[in-house]
Amino acid sequence: MGFCFWVCFISLLNFYSLSFVSSQADASAEGTVFIDGKAPIGRIDDDFICATLDWWPPEKCDYGTCSWGLAGLLNLDLNKNLFLNAVKAFSPLKIRLGGTLQDKVIYDTDDNQLPCTSFVKNTSEMFGFTQGCLPMNRWDDLNSFFQKAGAKVIFGLNALAGRTIASDGSAVGAWNYTNAESFMQYTVDKNYTIHGWELGNELCGSGVGTRVSADQYAADTAALQSIVQKIYQNVDLKPLIITPGGFYDSDWFTEYIDKTNKSLDVVTHHIYNLGPGVDDHLVGKILDPSVLEGVSGTFSGLHNIIKNSTTSAAAWVGEAGGAYNSGHNLVTNAFVFSFWYLDQLGMASKYDTKTYCRQSLVGGNYGLLNTTNFEPNPDYYSALLWHRLMGRNVLSTSFTGTDKIRSYTHCAKQSKGITLLLINLNNSTTVQAKLAFNSTMSLRHKHRSQISDHKHRIHKTTIIKLPQGIDGKIRREEYHLTAKDGNLQSQSMLLNGNILSVNSSGIIPHLEPLHVKSAKPIMVAPLSIMFTHMPDVTVPACKVQP
């Protein structure tokens, strides 16, 4: 038997619309997702998802709560099968090693003349802790784990070595790279692969604790590049030069990028736009579209600086935990935080951000994994779905009908189609979404016997209603994310109504979609998130992906 379909032509200005008629009787709102499929507006790395590991010891406490446990780089249990499986699931996961205390770390290589001791809490010291030391046997153990897990490692170097703190709080003097150079040489001699060396943590602009001028930081970056070129001269795979790993400051970043156009590969910035973790209004902020949109100025500002400069450096988010000082238990490690996190991933991508590093992989109250038992928190599954579904090319996307829907579209990672991400911040309204495109696209419809493969080119003035009969083969895949029992502060996430959990062997669950006939309407339930993979909808921007 053949297949049936029908097409009706109507005029719709410069758009054609893929429309659906709701088969439900509930009082749902309607809206339209407009997707520009002519050309991508940004491109992300294939391994866009990144997570951080920090140096904080168990004594790190915020607001009377000590949430880090044994999650720091010096004491993290690297032998847990679940931890290994959680990282391996990404194949690969970028892991950035760093944080506040990285600028107080010494490396116990042969040149080190100081005792190799751990961090000790001391409130009179900058950042609240004494200097700490990384033993080389611990560095060996960490690299053994990263190799088994297939992780791509970014290491944050101590950028305060050799500097003095002036009376105005600024750090003055050049970076003393002697210990760092010895550490990097040890790393190369051991054949450990480092994806990138990052210099400093939150020392740019007004800084956190102290600050380094843009001019001096540029000179230090050139020094780092020179060291890397020397140490890696006989190594085929050269690491990236990454800086400054701090909060966006327009003037500082403009000067710095202008002065590092020959020495910098990646410019990193941090995002904590929700304020302190102690804030009792975090849930309200997360569900407020104006708060979510407010950080777009940071992304667009850095994007424009890079675009208007001669640098070839790419933008990364080097650390983002949303709420600073370790986050907020049952908020930043609960289902509700996926609204913020996935919106961040979508927004960063729109502005050509290549990689996004989440604070943290484990540790604090914002880990993708539980600090104690490494069980995945909801955002882990959100990150994994993004990694598997969202391709490199980013399409311009907007939603009309309600401001409570956040919408993002990428070319699909697993097909020549597209993947749409819809985030419904409304607590009571189901949204029915229609799709509209402003470029020529194709619908691919396979014959029942799979022998023939028919393409139907749709022009700007065409509405397509796909068949609902038994012969209708065009389908999409839907991934609906909701909170267990409707509790936004639950640490359990449902995928298509089924709870996501690891088994007794520590195996990450399969993330199975619903297979839905394309004629059915796209419905986004209240306070839910959905990915929709449409392999048969192809647009020019997705025909050739990098």
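The values are calculated or read from the model by the stated rules, or taken from the named source; none is laboratory data. From a predicted model like this one, the values you see are computed outputs, not experimental measurements. Positions of Cβ are generated from backbone atoms using ideal geometry, with glycine treated the same way; all protein chains shown enter the neighbour counts. Please note that ligands, DNA and RNA were not included when accessible areas were found on the heavy atoms of the full protein model with its side chains. Shrake-Rupley method; radii C 1.70, N 1.55, O 1.52, S 1.80 Å.
Averaged over its residues, the chain has an accessible area of 39 Å² per residue, based on protein heavy atoms and a 1.4 Å probe. Divide the volume of the convex hull around the Cα atoms of the range 45-392 by the residue count and you get 130 Å³ per residue. Shown in residue order for the range 307-321 are the 3J(HN,Hα) couplings computed by the Karplus curve 6.51 cos²θ - 1.76 cosθ + 1.60 at θ = phi - 60°: 4, 8, 10, 9, 6, 9, 5, 9, 8, 10, 8, x, 6, 8, x Hz (x for Gly and Pro). Taking amide H atoms as placed 1.01 Å from N in the peptide plane, the amide H of ASP62 lies under 5 Å from those of SER67, each 5 or more residues away in sequence or on another chain.
Quick check: from the Cα gyration tensor, does the range 28-150 come out rounded (a/c under 1.5), prolate or oblate? Verdict is prolate for the range 28-150.
Using amide H atoms built in the peptide plane, which far-off residues or other-chain residues are under 5 Å from GLY275 H to H? Close amide H contacts, sequence-distant or interchain: TYR324.
The relative contact order of the range 45-392, computed from alpha carbon pairs under 8 Å that lie at least 6 residues apart in sequence, is 19 percent. A dipole drawn for the chain from +1 and -1 charges on Cβ atoms has a positive end, and of CYS50, THR32, TYR324 the residue lying farthest that way is THR32. In the range 95-165, Cα pairs under 8 Å separated by at least six residues give a relative contact order of 44 percent. Taking only protein heavy atoms and a 1.4 Å probe, the accessible area of the chain is 49% carbon and sulfur.
Sequence-ordered 3J(HN,Hα) estimates for the range 62-69 from the Karplus curve with 6.51, -1.76 and 1.60 and θ = phi - 60° stand at 9, 6, x, 10, 9, 9, 8, x Hz, glycine and proline given as x.
In a fully extended conformation the segment linking LYS413 and THR65 would gain 121.2 nm over its present Cα-Cα distance, using 0.36 nm per residue. For the residue pairs LYS152/LYS354; LYS413/LYS473; LYS259/LYS307; LYS473/LYS520; LYS38/LYS262; LYS38/LYS434, alpha carbon separations beyond 24 Å are given by LYS38/LYS262.
Ordering PHE253, TYR272, ILE231 by Cα displacement along the dipole of the range 45-392 toward the positive end leaves ILE231 in first place; charges were set at the Cβ atoms of Lys, Arg (+1) and Asp, Glu (-1). Taken one residue at a time, the phi angles of the range 410-419 give Karplus couplings (6.51, -1.76, 1.60, θ = phi - 60°) of 10, 4, 6, 7, 10, 7, 8, x, 10, 10 Hz. Gly and Pro are set to x.
Heavy-atom accessible area with a 1.4 Å probe sorts SER250, SER326, largest first, into SER250, SER326.
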